[in-house]
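Coordinate-derived values only; no laboratory data. Computed from a predicted model, the values in this text were never measured in an experiment. Here the Cβ positions follow ideal geometry from the backbone for every residue, glycine too, while neighbour counts run over all protein chains shown.
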Amino acid sequence: MRIILGIESSCDETAAALVTSERTILAQHIASQDEVHRPYGGVVPEIAARAHAERLAPMIEATLADAGMTLDDVDAIAATAGPGLIGGVMVGLVTAKALAMAADKPLIAVNHLEGHALSPRLADPELAYPYLLLLVSGGHCQILLVEGVGQFRRLATTIDDALGEAFDKSAKVLGLGYPGGPALERLAREGDAKKVPLPRPLLGSAEPHFSFAGLKSAVLRAKQNMPPPVQGCVAGSVVPPAYSDADIAASFQQAAIDCLIDRARRALAGVGPVNALVVAGGVAANTAIRTALENLAADHDLPFIAPPLALCTDNAAMIAWAGLERFERGQSDPLDVAARPRWPLDPDAEAVRGAGVKA
Ligand code: KG4
Ligand code: ZN
């Protein structure tokens with residue numbers, strides 16, 4: 001059995017985890033920086049990097065202590081080396097290099113997106129390559145054919161905003177604060193998705209990509225144009241506006257789901273045989289999205305696989321697992337490996353205007 005220490009620091013979660021080749025997470029810690037960034041309504045890169053620098057080393061100590069281990073028990077050290085906010089990535093990668101050097105262990109520089117992309121295999125031993133993956137997070141919105149470790153074919157990406165970004169910005173318009181995705185999903189449960197007509201950009205389009213900027217702007221207009229409550233005929237009564245914030249949230253979520261399903265259906269039609277339809281990344285925590293994808297997979301007689309919620313948002317177990325998959329194939333990296341703010345999974349994919357806005 002091999003044991004990998006994983007480190008994640010590419011955005012606003014500081015995380016460390018110990019994962020085995022038998023798919024056991026021996027110990028893990030995650031510190032969210034939501035509180036730190038909330039006053040700014042989004043992640044401030046410099047503040048994120050400082051918070052990672054303060055938290056990471058004690059967190060690694062605590063993770064090893066929880067498992068009753070020292071670095072000697074670890075086979076290799078895997079850290080996110082990109083893509084992401086470069087200050088934070090450097091904190092994690094340099095820490096991993098120092099530990100690898102001190103303990104004389106192999107270093108594995110992991111692509112954060114590969115961490116998300118392979119995380120379903122940590123949770124599900126049955127999931128074999130190739131599979132069709134929807135990678136939906138705050139910085140990315142892609143459809144990928146996952147053919148193996150380091151073997152990705154990007155079939156679609158966003159030409160403007162990522163899906164998580166659209167959730168976060170729409171949530172901000174509705175005054176739901178940061179991070180907005182989970183809050184918007186909660187509010188949407190109380191609303192009527194038919195009340196507010198919103199656009200579905202690129203729905204049915206011949207090109208494979210996503211676009212969410214127009215939908216996000218329409219949410220802003222719907223909020224700005226919301227008529228105020230008016231005095232009713234009966235004294236003291238109030239006629240509520242035609243739609244509520246919850247209706248906007250529900251209508252936004254449904255429009256986003258319609259776009260996602262349309263694009264995924266298009267990809268499935270052209271991709272050739274795959275073993276499963278898989279979703280990963282922070283937005284995969286959304287229950288309505290999971291249900292819609294599950295139905296789509298059933299239409300195509302495919303298993304639908306989504307990692308447990310805790311493995312969807314940023315975490316270090318997925319980084320350890322991706323590191324392990326590479327380590328088991330004899331791969332590791334030299335100590336001078338560079339941090340990469342941009343690091344596409346499919347380097348041959350054509351550049352698309354506006355893609356990868358956040359990370
Ligand atoms: O993968 P992740 O943790 O970080 C990135 O690599 O971006 O994804 C974070 C994104 C945020 O945009 C967040 O709002 C979104 O995932 N998210 C959700 C939900 N939970 C997290 N979006 C919609 N519904 C959710 N339940
Ligand atoms: Zn992520």
Note, ³J(HN,Hα) from phi for region 139-155, Karplus 6.51, -1.76, 1.60, rounded to Hz, x at Gly and Pro: x, 9, 8, 9, 10, 10, 8, 9, 9, x, 5, x, 10, 10, 10, 7, 9
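Between residue 1 and residue 23, 0.36 nm times their residue separation minus their Cα-Cα distance comes to what? Write out the running numbers ahead of the final one.
Values: separation 22, 0.36 × 22 = 7.92 nm, distance 0.99 nm.
Going from the current span to full extension adds 6.9 nm.
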Can you return the lysines within cross-link range of residue 172? Criterion is Cα-Cα under 24 Å, with same-chain partners fewer than 8 residues away left out. 194, 195, 216, 223, 358
Listed residues 255, 289, 268: farthest to the positive end of the dipole of region 234-359 (Cβ charges): 255
Taking θ = phi - 60°, what integer Hz values does the Karplus form 6.51 cos²θ - 1.76 cosθ + 1.60 yield along region 187-201, in sequence order, with x for Gly and Pro? 5, 4, 4, 8, x, 10, 5, 9, 6, 10, x, 10, x, 10, x
Give the Debye-formula value of log10 I(q)/I(0) at each listed q (0.12, 0.14, 0.25, 0.29 Å⁻¹), with one equal scatterer per alpha carbon of region 122-192, two decimals each. -0.46, -0.59, -1.01, -1.18
Please compute the length gained on full extension between residue 309 and residue 288, using 0.36 nm multiplied by the number of residues separating them and subtracting their Cα-Cα distance. 6.2 nm
Is the shape of region 47-178 rounded, prolate or oblate, going by the alpha carbon gyration tensor and its root eigenvalues a ≥ b ≥ c, with a/c under 1.5 for rounded and a/b larger than b/c for prolate? oblate
Using the beta-carbon distance between residue 275 and residue 189 and R0 = 45 Å, what value does 1/(1 + (r/R0)^6) give for FRET efficiency, to the nearest 0.05? 0.85
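For the pair residue 239 and residue 338, what calculated FRET efficiency results from E = 1/(1 + (r/R0)^6), where r is the Cβ-Cβ distance and R0 = 51 Å, to the nearest 0.05?
Working: r = 61 Å, r/R0 = 1.20.
Efficiency, from the Cβ-Cβ distance: 0.25.
Would you compute, from DSSP H runs of 4+ residues alone, the mean residue ellipticity of the chain at 222 nm, taking -39500 (n - 2.57) per run and dividing by the full residue count, rounded to the nearest 500?
Mean residue ellipticity at 222 nm (helix-derived): -12500 deg cm²/dmol.
Assign unit charges at the C-beta atoms only (+1 for Lys and Arg, -1 for Asp and Glu), then state the dipole size of the chain relative to its Cα centre in Debye, rounded to the nearest 20. Don't skip to the end; give the middle numbers.
On the way: 30 positive and 41 negative charges, 218 e Å.
Here the chain has a charge dipole of around 1040 debye.
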Using a Förster distance of 35 Å, the FRET efficiency for residue 151-residue 104 (Cβ separation, nearest 0.05): 0.70
Amide H proximity to residue 161 below 5 Å, modelled H, separation 5+ or other chain, gives 212, 213
Dipole magnitude of region 251-301, debye to nearest 20 (Cβ charges: Lys/Arg +1, Asp/Glu -1, about Cα centre): 140 debye
Could you run the Debye sum over the Cα atoms of region 144-246, one equal point scatterer each and no solvent, and tell me log10 of I(q)/I(0) at q = 0.21, 0.22 Å⁻¹, two decimals? -1.13, -1.18
If you put +1 on each Lys and Arg Cβ and -1 on each Asp and Glu Cβ, how big is the dipole of region 214-321 around its Cα centre, in Debye rounded to 20? 280 debye
How would you rank 69, 318, 101, 90, going from fewest to most other Cβ atoms within 10 Å of each one's own Cβ? 101, 69, 90, 318
Positive-end residue of 131, 26, 232, charge dipole of the chain with Cβ unit charges: 232
